[in-house]
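The values are calculated or read from the model by the stated rules, or taken from the named source; none is laboratory data. No experiment lies behind these values; they were computed from the predicted model shown. Here the Cβ positions follow ideal geometry from the backbone for every residue, glycine too, while neighbour counts run over all protein chains shown.
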Amino acid sequence: MVPDLMTLLATLGPLHWWALAAILIGLEMVMPTQYMLWPGLAAILTGIIVLLSPSLDWTWQALAFALFTGAFVLSARYWPRAAVQDEGRARLNQRVHAYVGRQAVVAETFEGARGTIVLDDTRWQAESLDGKPLADRTVVEIVGYDGPLLKVKPIG
């Protein structure tokens, strides 16, 4: 005796949604795309909603799944672009940009306008903004960069 489709849909519970999520995310792991990841995440979220509200009709469950899938797909389409770009300039793998405005300490007296500073636990090559040498242990502010060379000015 095989249950009809309506009976099967009426008995959907959180474990069914999580099983679907496992299947979709499992398929995603063997495919070179992201097409199954978003519906898989939507199925996890739908399963949580069904767990919190077990009497939710299957049509509302399907609607929630569809809405979550659409939201995840749209966010995946637009979010990464905004995360790696700012003012039209890509910043992926440019950690020196995050150092602008931070303070560091001169590690060794600059010879001419160039020397070494310590920022966090890393030594960086730096250049004095005004072209003057800086003494050992001078606190400086990072005001810019040219590739891996940080531009600094003394504070105070």
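Against the definition (within 22 Å of the chain's Cα centre (by Cα), of a type in the set (A, V, I, L, M) and either outside any helix (DSSP H, G or I) or surrounded by 12 or more Cβ atoms within 10 Å (Cβ to Cβ) (or both)), how does ILE44 come out, yes or no?
Working: within 22 Å of the chain's Cα centre (by Cα): yes; of a type in the set (A, V, I, L, M): yes; either outside any helix (DSSP H, G or I) or surrounded by 12 or more Cβ atoms within 10 Å (Cβ to Cβ) (or both): yes.
Taking the combined requirement at face value, the residue satisfies it.
Against the condition within 25 Å of the chain's Cα centre (by Cα) and at pLDDT below 90, how does PRO39 come out, does it pass?
On the way: within 25 Å of the chain's Cα centre (by Cα): yes; at pLDDT below 90: no.
No: the conditions fail for PRO39.
Within the range 12-27, identify whether any single residue is modelled with pLDDT under 90 and surrounded by fewer than 11 Cβ atoms within 10 Å (Cβ to Cβ), and answer yes or no.
Taking every residue of the range 12-27 in turn, none turns out to be modelled with pLDDT under 90 and surrounded by fewer than 11 Cβ atoms within 10 Å (Cβ to Cβ).
Can you tell me which of (1) in contact (Cβ under 8 Å) with a residue 12 or more places away in the chain; (2) outside any loop (DSSP other than H, G, I, E, B) is the one LYS132 doesn't meet?
(2)
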